[in-house]
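Each reported figure results from applying straightforward, stated rules to the coordinates on display, with no laboratory input. Everything numeric here is computed off the predicted structure, so don't read it as measured data. Every residue, glycine among them, receives a Cβ derived from its backbone with ideal geometry; neighbour counts consider all protein chains shown.
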Amino acid sequence: MSIEQYILDEQDPKTAEKVLGKLNDMLTTGETILYLAIQKKPAVTLIPDCISVTNKRIVFCIPGNLGLTTNFITFTWGDVKEVSFKEEFFGSKFITVPQRGENMTIDYIPKIQARKLYQFCNEQIEKLKETLRNQEIEDRTFSVQTPTPAALAEIIDKQPELREAATEEIKHIEQPVDELTQKLQKLKLLFEKQLITQDEYETKKADILSQL
């Protein structure tokens, strides 16, 4: 993987190469790394924390054991409520607020990198919101355009020539789905669009089914 596009904002090349190598092994089908921010403390930072933004999630890379191990904390965009950053004397503090659980904060992110992180994160959050809005509009349009069996039967009674052709169609018109079914359908759509992982899909699916 070429690292040139990820070190345009003074990211440390050696750290970028090491982290990107690990992240590349974690990418799912269709997932790409959009931006990488690397912590830079006032003193020499031998093992900095990093934040990576992909088109599917945000990944916090926290080194441990003197750099021999790395703890990867990830949130899909559906799990992120909002992001923010606060510029301080030395760098910026970048904060991710998940839908559930505690905030994730990394300090000493160079200011220009924090601004870019904020930009890329919000672009992905808005893309997900737009996808969900479009799906909701499609669901509403379908429910409005699809007649109920009673309404279709009334139309056929007024036009006998349509009766035979529509008999089979009536059988395939579904009754309105309940709330849990709608949730399962939307969850499946998010998984098919690769906005959530397989594990997240199965976990959330189990949560919904437990409400039956």
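Within the set of other residues whose C-beta is less than 15 Å from the C-beta of F90, count the net charge using Lys and Arg as +1 and Asp and Glu as -1. Taking every other residue near F90 into account, the sum is 0. Taking amide H positions as modeled 1.01 Å from N, with prolines and chain starts lacking one, the residues under 5 Å from T54 and 5 or more places away or on another chain are L34, V59.
Computed from backbone phi with θ = phi - 60° and the Karplus coefficients 6.51, -1.76 and 1.60, the 3J(HN,Hα) list for the stretch 115-128 is 5, 5, 4, 4, 5, 5, 4, 5, 4, 6, 5, 5, 4, 5 Hz; x is used for glycine and proline.
Annotation for the stretch 5-73: chymotrypsin sites (Phe, Trp or Tyr not before Pro) lying in DSSP loop with at most 16 further Cβ atoms inside 10 Å of their Cβ do not exist.
Taking amide H atoms as placed 1.01 Å from N in the peptide plane, the amide H of S92 lies under 5 Å from those of Y108, I109, K111, each 5 or more residues away in sequence or on another chain.
Summing charges over neighbours of G101, with a neighbour being any other residue whose Cβ is under 13 Å away from its Cβ, gives 0 when K and R count +1 and D and E count -1. Sequence-ordered 3J(HN,Hα) estimates for the stretch 135-141 from the Karplus curve with 6.51, -1.76 and 1.60 and θ = phi - 60° stand at 5, 5, 5, 4, 4, 5, 4 Hz, glycine and proline given as x. At an R0 of 25 angstrom, the distance between the Cβ atoms of Q5 and E192 translates into a FRET efficiency of 0.30. With K and R counted +1 and D and E -1, the other residues having a Cβ less than 13 Å from that of L68 yield a net charge of +2.
Taking the Cα atoms of the stretch 4-125, the ratio Rg/Rh between the radius of gyration and the Kirkwood radius comes to 0.93. Applying the Karplus relation 6.51 cos²θ - 1.76 cosθ + 1.60 with θ = phi - 60° to the stretch 3-11 yields 3J(HN,Hα) values of 9, 3, 6, 9, 10, 6, 10, 6, 5 Hz, where x marks Gly and Pro.
List the relative contact order of the stretch 4-125 as a percent without decimals, with contacts defined as Cα pairs under 8 Å and 6+ residues apart. It comes to 21 percent, rounded to a whole number.
Taking 0.36 nm per residue of separation and subtracting the Cα-Cα distance, full extension of the segment from Q135 to T32 would add 34.7 nm. Under a point spin-label approximation (7 Å from Cα along Cα-to-Cβ), what is the E202-T74 distance to one decimal in nm? For E202 paired with T74, the spin-label model returns 1.4 nm. Suppose R0 equals 45 Å; then what is the FRET efficiency for E88 and E179 from their Cβ-Cβ distance, rounded to the nearest 0.05? Once the sixth-power term is evaluated, E becomes 0.50.
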